[in-house]
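Read the structure below first, then the notes.
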Amino acid sequence: MRIIAALTALFALAACETTEGFGRDLSNLGDSIEEEAEEND
């Protein structure tokens, strides 16, 4: 039973890291688009 709990915690942690990384990538993309828009304004 402890092995299942440990694996569940590991997968939850991995998913959280993936989501956080995706959020950072999206934020960087938004910043790039905003900079391009300001340059061409």
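Nothing in this text is a laboratory measurement; each read-out follows from the coordinates by a stated rule. Bear in mind that the values here come from a model prediction, so they are computed numbers and not experimental data. Quick reminder, even Gly has a Cβ in these numbers, built from the backbone with ideal geometry, and neighbours come from all protein chains shown.
Here the chain is treated as an ellipsoid with the same Cα gyration tensor; its semi-axes, largest first and in whole Å, are 40, 4, 4.
Placing +1 on the Cβ of every Lys and Arg and -1 on the Cβ of every Asp and Glu, with nothing else charged, gives the chain a dipole about its Cα centre of roughly 860 debye.
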